[in-house]
Structure formats: structure tokens, C-alpha cells
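Below is one structure, written out as C-alpha cells; comments come after it.
The values are calculated or read from the model by the stated rules, or taken from the named source; none is laboratory data. Quantities reported herein were computed from a predicted structural model and do not represent experimental measurements. Note: ideal-geometry Cβ built from the backbone for every residue, glycine included; neighbour counts use all protein chains shown.
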Amino acid sequence: MHPLVKLDRQHVWHPFTQMRDWMAREPVMIAGGDGAVLRDVHGREYLDANSSIWTNLHGHNHHKINSAIRRQLGKIAHSSALGLANEPASLLAGKLVQAANPQSAIRNPRLEKVFFSDNGSTALEVALKLAYESTRRTRGSKTAPRFLSLEGAYHGDTVGAVSLGHIDLFHKAWSGLLFKTDKVMSPFCYRCPFNRAKPERADAREYRKCRWECVSQVEQKFSAQRKKGNAHAAFVFEPLMQGATGMIPQPATWLKQVSEIARANGALLIADEVMTGFGRTGVSKAETLFACHHEGVQPDFLCLAKGLTGGYLPMAATLTTQKVFDAFLGEYHEFKTFFHGHSFTGNQLGAAASLASLEILQGEKSIRARRKLETILRDELQQLWQLPHVGDIRQVGLVAGIELVKDWRTRRPFDLRERAGIRVCEAMTRRGVLTRPVGNVIVLMPPYCTTPAQLPKMISALREAVEACFR
């Protein structure tokens, strides 16, 4: 056993990991990486099929981002944003505002202000607090503003973000710490109780038979709360695809419809683009970087993290409107200040990496590569329909979720105790491909630098792993 593995076992507590299982085998100890390839301490190479938990955009050891960080290191690594400003954070805020307000019909509301933080959870926490307090001040209500999110929602692990979530496996243990939020059904076509279509060998969104009951239920939820005299302050959602609940894709126009309903009921829109942002959901004709813009939806809060720095450093941003910002303006003695912050808010190294990442993203070379990679991914995924234990294949842009089932004809799921997803991912590791499941859903989210030769290898490893695990 490698000495670093011994140290890890002695001292490191890993997130979302049953440590008894972890200590039963030697883990992959990463030592280096280039592009879409990771290397362990034994010199073995692996393809990074989930972009290091959905963060890495352009590949590991990217020369442009490396150079940007080195240049910034030659100046200063970090100084406080509490009462001080800095060059790269100011430049980044301007670039993010520009990217969040594309030159198209998506103009209202205009996102003008950027609050920096550290990760996806804090980005949502910031939006939650801003929405709560700005609504309270605007409405003058004595009752606490309420929030609506989707069934199976996951928005992070801080207490406020967990309160917005609805995954019992992750959240039930903390129920005594949380405030109550409302939930409404997620538009999960594959397992929707209103979908009358029998299973086919295709994405369930393509052959669904329903009457948009998922939209009607959102309308009913808003209406019922408004009649109680305390209309929802905000509607929180991941646009186009819900991540941690199992890569749940939304059928076309769902987002636009429910956003219009929320607006009609006076609710703010909080878009959690921690996973979906920065081109993950595909290249549209407008070449937007954000998922909500694919359906012409502009939120009041745009929450970003993960890919913001290209996957290099922990940094997040919450973009919002001038109207929300103005709700916190006042004389010093009024104490209207937004009393929230982080030690590394707007840090220079993270901002420098983010600026380099944005420059790469918006370049014609990256746009062409992403468009081509998305087509290859779609084509390669088709072979998996031949596997009887593949129930649904869900792709949005460069995000794919492959749901494993006991029987595709009945959609009968594996019990989580059977560890179907984990077993398949372990078998993929033995074939030189790294990813992590969400329950029984295998996630594929390749870095944008993945080559046309590497992507088929990822799919082949998945296919072989499923065949080996369920012979």
C-alpha cells in the first residue's frame, strides 16, 4: 500500500463517503493530470469522465489558466474584500454581468450586481438571504417569506441551502436544524405518475404522453400560497437539468412556463446554475453560457460556482438586480447593510483563474469543440440502449445521466442497498475511466477538452462495466 494511502486512511474524512467501505480497499490516489487524463501515484492513467465532480471545464493543467494564476501570484494572492477592492475581482464582475445579460431578447430583469463567495452552497445561501430580506422590506410583511423548490432538489449543504433541498437521504438527518420550505413535483418524465407512455428505448421526454400536469401543479402551489396571504418570495430551481437528484432533464418549454407562473404570482426567480452554468447544457445559437437563457428565462438571482474558475479554485458568485441591491441601501445608523461575507470573497487568484476560463469559453475554438463533443456524446450514447439494464439515457448538452434498472420494460429500479451504480463505477475505474454515480444513475460529464477518441472510450468502459456487473 502506498504511504500516502496510509496517511489518508489515518486522517482524512471524505465527503459523501461511507468510510467503512473506503477503508476496505485501496483508493485511487491522484498525483497529476493533463487535459482529460488523471494519473495516480502508481503511474496508472484514467479518463476524468465527470470533470472532477462537475467542476473542470477545460481540462487539467491548462496552460492559459496556469499562466493567469502565476501572473497573479507575482502580484498578490489574496486581500480582503471587506472594505477593500481588487483588480481581478472587479474585472471578473464586469465580465460576468456582460455574460449574464446576452445581446438578445433576454433583457429583463437585468443582472447588475455580483456578490462573490466560496462555493455552490454559499452562492445559494447568499441568494436565499437576499431574497428573504429584500422581499420582507419590499412587502413589509411581518410573516417570514416562503420559498418554493422542486422535489428531489439539492442546492448545497449549508443550513439555508439544505432547507431548500428535498432529498431525504441527504437532508433528513438535519431536519431539526432547518426552516420549512415548500416543494412541488419535478418534471421527471421517465418516472412521472402522469406519463401514460409505456417504456421505449429512447429518452422519456421524446415519447411522453401527458397534459403538462407538472406545470399545473406549480400553478396550483403558487395559487394556494397566495390565497393564504403570504405569497412565495422566490422559486428556486436548477434550469434544464437537476443534478444530484439523478440528472433529471426538463422537457422543452417547462422552464419557460413555470417561470412565467412564478412571475405572475410575484415570486423572484433563483436559478441554481452551479452545475449547469458555463456551457454545460450546450451551445445555443446565441452561444449563451447559462442554461436558463436557452429558454429565454432571466432570473433575479443567478448562482454560479464549480466551473467558474475552470475547476481550479473554490469560488462562487451570486448575480442579482439593481432593485435587490437598492433594498440594502441606507444611512449607516439604519443598519440596512447586507451582513454576510466570507474571508476569501473575491480573492485574486480565483478571479484571475475565472477571467482566463471565461476567455477560453468565449473563444471560437472552444465553442466549436463543445458543439462537436456534444454531437459525439449523443451518438455514442445510442449503443447503451442495447443493454437491458439501461432504463433511460438523459442528455442535455455535455451532461448525461444513464439510469440503471432491473428491467427496462417495467422501469423497476434497483434498491440502493444493491449498490448498482457504485459497482458499475468501480468496474469503470478498473477500465481506466473515473466517474461517480448519483444513486443508480451513472453520470458522464466530460471536460470540454476531451478528444473525439477519448469520449468513445468513456462510453465503452461504461458499456463493458454494465455488462460485467449484470451478466
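Are any residues in segment 33-80 in a helix (DSSP H, G or I) and of a type in the set (Lys, Arg), and if so, which ones?
Correct list: LYS64, ARG70, ARG71.
Taking ARG423, is it outside the structural domain of GLU200 (by TED's automatic domain parsing) and without any contact (Cβ under 8 Å) to a residue 60 or more places away in the chain?
For ARG423, the condition - outside the structural domain of GLU200 (by TED's automatic domain parsing) and without any contact (Cβ under 8 Å) to a residue 60 or more places away in the chain - is met.
Among the residues of segment 312-323, write down those that are more than 13 Å from ASP272 (Cβ to Cβ) and either basic (Lys, Arg) or crowded, with 24+ Cβ neighbours inside 10 Å (or both).
If the condition is that a residue be more than 13 Å from ASP272 (Cβ to Cβ) and either basic (Lys, Arg) or crowded, with 24+ Cβ neighbours inside 10 Å (or both), then TYR312, MET315, THR320, LYS323 are the ones that fit.
Across segment 169-191, what is the total count of residues that are closer than 30 Å to LYS209 by Cβ and among the hydroxyl-bearing types (Ser, Thr, Tyr)?
Going through segment 169-191 one residue at a time, the tally reaches 2.
Any residue in segment 211-235 that is in contact (Cβ under 8 Å) with a residue 40 or more places away in the chain sitting within a Cβ distance under 7 Å of a residue that is exposed (fewer than 13 other Cβ atoms within 10 Å of the Cβ)? List the pairs, counting only those 6 or more apart or interchain.
Final answer for the pair search is ASN230/THR143.
Can you pull out the residues in segment 174-216 that are surrounded by 16 or more Cβ atoms within 10 Å (Cβ to Cβ) and assigned to a helix (DSSP H, G or I)?
Within segment 174-216, CYS189, TYR190, ALA204, ARG205, CYS214, VAL215 qualify.
Can you list residue pairs whose Cβ atoms sit under 9 Å apart, with the first residue in segment 126-144 being within 12 Å of ALA234 (Cβ to Cβ) and the second being modelled with pLDDT under 85 and small (Gly, Ala, Ser)? Count only pairs 6 or more apart in sequence or on different chains.
Pairs found: THR135/SER141.
Please verify whether segment 243-256 includes one or more residues that are modelled with pLDDT of 95 or more, of a type in the set (Gly, Ala, Ser) and within 15 Å of THR181 (Cβ to Cβ).
no
Among what's in segment 40-77 and is under 28 Å from the mean Cα position of the chain (by Cα) and among the aliphatic types (A, V, I, L, M), pick the residue that is surrounded by the most Cβ atoms within 10 Å (Cβ to Cβ).
Going through the qualifying residues, I end up with LEU57.
Please work out if GLY401 is within 22 Å of ALA453 (Cα to Cα) and under 25 Å from the mean Cα position of the chain (by Cα).
Taking the combined requirement at face value, the residue satisfies it.
Looking only at segment 439-454, decide whether some residue is free of Cβ contacts under 8 Å to residues at least 12 places away in the same chain and within 30 Å of ILE367 (Cβ to Cβ).
yes
Here are ARG9, ARG44: which of them is in contact (Cβ under 8 Å) with a residue 12 or more places away in the chain, of a type in the set (Lys, Arg) and closer than 16 Å to THR429 by Cβ?
ARG44
Take GLY296 and decide whether it is within 26 Å of LEU240 (Cβ to Cβ), in the same structural domain as GLU273 (by TED's automatic domain parsing), surrounded by fewer than 24 Cβ atoms within 10 Å (Cβ to Cβ) and small (Gly, Ala, Ser).
Answer is yes for this residue.
Looking at LEU177, LEU164, LEU169, which one is more than 20 Å from VAL438 (Cα to Cα) and of a type in the set (A, V, I, L, M)?
LEU177 is the lone residue from the list that is more than 20 Å from VAL438 (Cα to Cα) and of a type in the set (A, V, I, L, M).
Suppose we keep only residues that are basic (Lys, Arg) and within 26 Å of ALA400 (Cβ to Cβ) within segment 197-229. Which one would you say is nearest to the chain's Cα centre (by Cα)?
Ranking the qualifying residues of segment 197-229, first place goes to ARG205.
Restricting attention to segment 78-100, which residues are under 24 Å from the mean Cα position of the chain (by Cα) and either surrounded by 19 or more Cβ atoms within 10 Å (Cβ to Cβ) or more than 27 Å from THR320 (Cα to Cα) (or both)?
ALA89, LEU92, ALA93, LEU96, ALA99, ALA100
Where in segment 305-382 are there helices (runs of 4 or more DSSP H), lying fully within it, with 1 or more residues that are without any contact (Cβ under 8 Å) to a residue 40 or more places away in the chain, over 24 Å from THR450 (Cα atoms) and of a type outside the set (Val, Ile, Thr)?
322-326
Could you tell me whether any residue of segment 314-329 is closer than 26 Å to LEU377 by Cβ and of a type outside the set (Ser, Thr, Tyr)?
no
Counting only residues that are closer than 19 Å to ARG201 by Cα, β-branched (Val, Ile, Thr) and crowded, with 24+ Cβ neighbours inside 10 Å, how many does segment 400-435 have?
Qualifying residue count, segment 400-435: 1.
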